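Q: I am attaching a structure below and will ask some questions about it afterwards.
The values are calculated or read from the model by the stated rules, or taken from the named source; none is laboratory data. These numbers were taken from a predicted model, which means no experiment stands behind them. With ideal geometry, Cβ positions are generated from the backbone for all residues, glycine too; neighbour counts draw on all protein chains shown. Each accessible area value is taken on the protein alone, full model and side chains, heavy atoms only, with ligands, DNA and RNA left out. Shrake-Rupley method; radii C 1.70, N 1.55, O 1.52, S 1.80 Å.
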Amino acid sequence: MNLYLRYFDYETLVHSVDDAIEFLSSISEINMTRELADDLRTYAASNVLYPKRYKVRSRVYFIVIKTEAQTMQDFKDKKAVRGKNSIMSEAKENEQKRLNEQLKGWYEGTIEFKRVIMNHVGKCEYRDTTFCVRCIANSQRDCYDRIVQHLMTRVDKRSQFPAARGKNFKCKFLGFVKSEVIE
């Protein structure tokens, strides 16, 4: 993994931490200390992919970004940058697999949604509402669909339901239905 460093108009793409330390040492405004060098080595060795900024003085920083780009032009063209997008797409794929995994049995699903309620003045307002249920379903997605279908017949149609992949829907498998247990 390579490192891109930038401090105002000074920028470089280096292939090792030692090269990064040498680059930063060449800038007179940056005080290269042993602690800063150790922190750069720790950051480079970690699997954290977020950019890191280091304070030079009040409201002045330099940044370090991990990249797989081999040249500065590749980095500028955003080639070979393994950033949040690839991590997020992998996480979304795993979430989809988990939601659609076919496993018939008992599920406990909890959904937090915005329910439309008439207030004391006669106006409608949204209230955060939590609904928890245990049901027999074929997958977590099926559990979500059953919960939403049930609530749609019992609450105002303007109520807002979260996506099954969102943080406002939680589901866990409780066990097989007794007639479905395979020995």
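Q: Two decimals, Cα atoms only, Kirkwood Rh: what is Rg/Rh over the range 1-154? Walk me through the numbers on the way to the answer.
A: Numbers: Rg = 25.4 Å, Rh = 20.3 Å.
Rounded to two decimals, Rg/Rh equals 1.25.
Q: Shifting gears a bit: Divide by every residue of the chain the summed helix terms, -39500 (n - 2.57) for each DSSP H run of at least 4, and state the resulting mean residue ellipticity at 222 nm, rounded to the nearest 500 deg cm²/dmol.
A: Working: 5 runs with 56 residues, N = 183.
-9500 deg cm²/dmol, from helical runs alone.
Q: Select from the range 91-165 those trypsin sites (Lys or Arg not before Pro) which occupy a DSSP coil region and have at most 11 other Cβ atoms within 10 Å, ordered by residue number.
A: In loop regions of the range 91-165 (DSSP not H, G, I, E or B), the sparsely surrounded trypsin sites (Lys or Arg not before Pro) are LYS123, ARG154, LYS157, ARG158.
Q: So what J values fall out for the range 53-64 if you push phi through Karplus, 6.51 cos²θ - 1.76 cosθ + 1.60 with θ = phi - 60°, rounded to Hz, Gly and Pro as x?
A: 10, 10, 7, 9, 7, 3, 6, 10, 9, 10, 10, 10
Q: For THR42, THR110, THR71, give the ranking by accessible area with the largest first, probe 1.4 Å. Walk me through the numbers on the way to the answer.
A: Details: THR42 85, THR110 35, THR71 65 Å².
The residues order as THR42, THR71, THR110, largest area first.
Q: Ranked by accessible surface with a 1.4 Å probe, highest first, in what order do TYR50, TYR107, TYR61, TYR144 come? List each step's numbers first, then the result.
A: Working: TYR50 145, TYR107 5, TYR61 80, TYR144 30 Å².
Order by accessible area, largest first: TYR50, TYR61, TYR144, TYR107.
Q: Pull out the extension gain between ASP9 and GLN160, defined as 0.36 nm times the separation in residues minus the alpha carbon to alpha carbon distance; nm, one decimal. Let's see the in-between values first.
A: Numbers: separation 151, 0.36 × 151 = 54.36 nm, distance 4.81 nm.
Difference between extended and current length: 49.5 nm.
Q: Let me ask something additional. Which distance in nm do the two modelled labels at ASP145 and ARG53 give, with both placed 7 Å along the Cα-to-Cβ direction?
A: Between ASP145 and ARG53, the label points sit 4.6 nm apart.
Q: Compare PHE161, PHE173 by solvent-accessible area with a 1.4 Å probe and give them largest first, with all protein chains kept in place. Don't skip to the answer; put the middle values down first.
A: Values: PHE161 50, PHE173 70 Å².
The ordering from most to least exposed comes out as PHE173, PHE161.
Q: Over the chain, what is the mean sequence separation of C-alpha contacts under 8 Å (at least six apart), divided by residue count, expressed as relative contact order in percent?
A: Numbers: 257 pairs, mean separation 33.2, N = 183.
It rounds to 18 percent for the chain.
Q: Any chance you could give the angle, 0 to 90 degrees and rounded to 10, that helix 34-45 forms with the longest Cα principal axis of the chain?
A: The angle comes out near 50 degrees.
Q: Could you please state how large a percent of the accessible area of the range 113-182 is carbon and sulfur, counting protein chains only and using a 1.4 Å probe? Mind showing how you got there, number by number?
A: On the way: 2530 of 4950 Å².
So the carbon and sulfur contribution to the accessible surface is 51 percent.
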